Amino acid sequence: MSTEIVNVCEYEEAAKRKLPKMVFDYYASGAEDEWSLKENRHAFERIRFRPRILIDVTSVDLSTTVLGFKISMPIMVAPTAMQRMAHPEGELATARAASAAGTIMTLSSWATSSVEEVASVGPGIRFFQLYVYKDRNVVAQLVRRAERAGFKAIALTVDTPRLGRRESDIKNRFSLPPHLTLKNFEGLDLGHMEKTSDSGLASYVAGQIDRSLSWKDVKWLQTITRLPILVKGVLTAEDTKLALHAGAAGIIVSNHGARQLDYVPATISALEEVVQAASGRVPVFLDGGVRRGTDVLKALALGASGVFIGRPVVFSLACEGEAGVKKVLQMLRDEFELAMALAGCTKIKDINRSHVQTESERLG
Ligand code: FNR
């Protein structure tokens, strides 16, 4: 039997064989019982299509626009920390792969490559993910650097006032391998993580992230940057309205890949509530458990303007570097294009609510 990897999920098994256990577990794990981690996938499985037939699908156009930027498909790269643990080229390989695919890469603030290094790989549309630290001066410096390096938006992560409890990281005494650093903090006196008896990452975060972060800080952020701000980590209608009020340019429905609060709903289950509350005023995006082109179609049918992928990037990076990330993006593109054609959609705007049936609609 061929060992060729034919879908995104197979990269996870391959990465497990390849990576040191501590690194694989850090990438793969979710919080506590990992209920939300499994649910992120299961909830996609419960949605059915209502395909339309006898529509000319000779050509299918996947291109779309995000915050005014034209991209080749509504599938983008989510921020995932410390990509050089997966591959020596880390975030640089990811940036090249995203550019080659004509899509957006979001760089984590905990990247093992700096904003300048990532910018140096060449043209590409990139967003910068931000955690807010107690020292606002550090935040301001990070934002300035991202702006100068040509990043086009800030994805402000709002679901991490404290780090979720990931038990394999505790067991493995997770810490960043000593030859790597969090490059964006170099020179800011924050880039060095101490190995402690607990999780090194947890102690680092506990020390630096501002637990008092609130909506007024979203407004403050707009006083120090003109970049649009996407609020990443919204799961309710209430917070969607507050995000709009606070000036968000867009919303990312995310449960942080189920690594924060366990027993939150799957993001695909929370999406529609957020879309309705946003009522078309800002675009709504989704991440969490997207592994198939059909998942992308489901998310768009439920009102998302695009999706982001997290783990598939680090797993494919671990296996095959830049070529792996390119393959994952290509697989999702091909599957999504096929799913659109089979559902009778020839362009992104054709995808609408009537193309899916949720479980409650089936039962009720
Ligand atoms: C993340 N995520 C994340 N989010 C963020 O805002 N800043 C970060 O530094 C990280 N780091 C990170 C590391 C790893 C290993 C994972 C798996 C996730 C969350 C990420 O942006 C995204 O929300 C999820 O990964 C999406 O879910 P999937 O695609 O991994 O299922």
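Read the figures in this text as sums done on the coordinates, not as results from a lab. The shown structure was predicted, so the numbers you read here are calculated from the model rather than taken from an experiment. For neighbour counting, all protein chains shown are included, and Cβ atoms are generated from backbone atoms with ideal geometry for every residue, glycine included.
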Please go through the residue pairs LYS298/LYS349; LYS219/LYS349; LYS38/LYS326; LYS134/LYS216 and name each one whose alpha carbons sit more than 20 Å apart in this structure. LYS219/LYS349; LYS38/LYS326
Assign unit charges at the C-beta atoms only (+1 for Lys and Arg, -1 for Asp and Glu), then state the dipole size of the range 1-118 relative to its Cα centre in Debye, rounded to the nearest 20. 300 debye
With labels modelled as points extended 7 Å from the Cα through the Cβ direction, what inter-label distance (nm, one decimal) is found for GLU13 paired with LYS349? 4.2 nm
What trypsin sites (Lys or Arg not before Pro) does the range 232-289 have in DSSP loop regions with at most 13 other beta carbons within 10 Å? ARG281
Quick one: ILE125, ILE154, fewest Cβ neighbours within 10 Å first, how do they rank? ILE125, ILE154
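How big is the charge dipole of the chain about its Cα centre, in debye rounded to the nearest 20, if each Lys and Arg gets +1 on its Cβ and each Asp and Glu gets -1 on its Cβ? Could you put the intermediate results ahead of the total?
Numbers: 46 positive and 42 negative charges, 115 e Å.
In total the dipole reaches around 560 debye.
Exposed loop sites here are GluC sites (Glu not before Pro) in DSSP loop states with at most 11 other C-beta atoms within 10 Å. What is the longest stretch of the chain lacking them?
5-193
Starting with the fewest neighbours, write out THR346, THR94 ranked by other beta-carbon atoms found within 10 Å of each beta-carbon. Walk me through the intermediate numbers first.
Values: THR346 15, THR94 32.
Listing THR346, THR94 from fewest to most nearby Cβ atoms yields THR346, THR94.
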State, as an integer percentage, the relative contact order of the range 1-111 based on alpha-carbon contacts under 8 Å between residues 6 or more apart. 19 percent
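Using a Förster radius of 30 Å, what is the FRET efficiency between HIS245 and ALA323 based on their Cβ-Cβ separation? Nearest 0.05, please.
For R0 = 30 Å, the calculated efficiency reads 0.10.
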Name the residues whose placed amide hydrogens come within less than 5 Å of the amide hydrogen of VAL60, ignoring near sequence neighbours (fewer than 5 apart) on the same chain. none
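Translational diffusion coefficient of the range 50-105 at 10 °C, 1.306 mPa s, Stokes-Einstein with Kirkwood Rh over Cα pairs, in µm²/s as a whole number. Show your work: numbers first, answer last.
Values: Rh = 13.6 Å.
The calculation lands on 117 µm²/s.
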If contacts are Cα pairs under 8 angstrom and at least 6 residues apart, what is the relative contact order of the range 88-149 in percent? 34 percent
Go from 0 up to the bin containing the longest alpha carbon distance in the chain, width 10 Å each, and give me the % of pairs per bin. 5, 25, 36, 25, 7, 1, 0
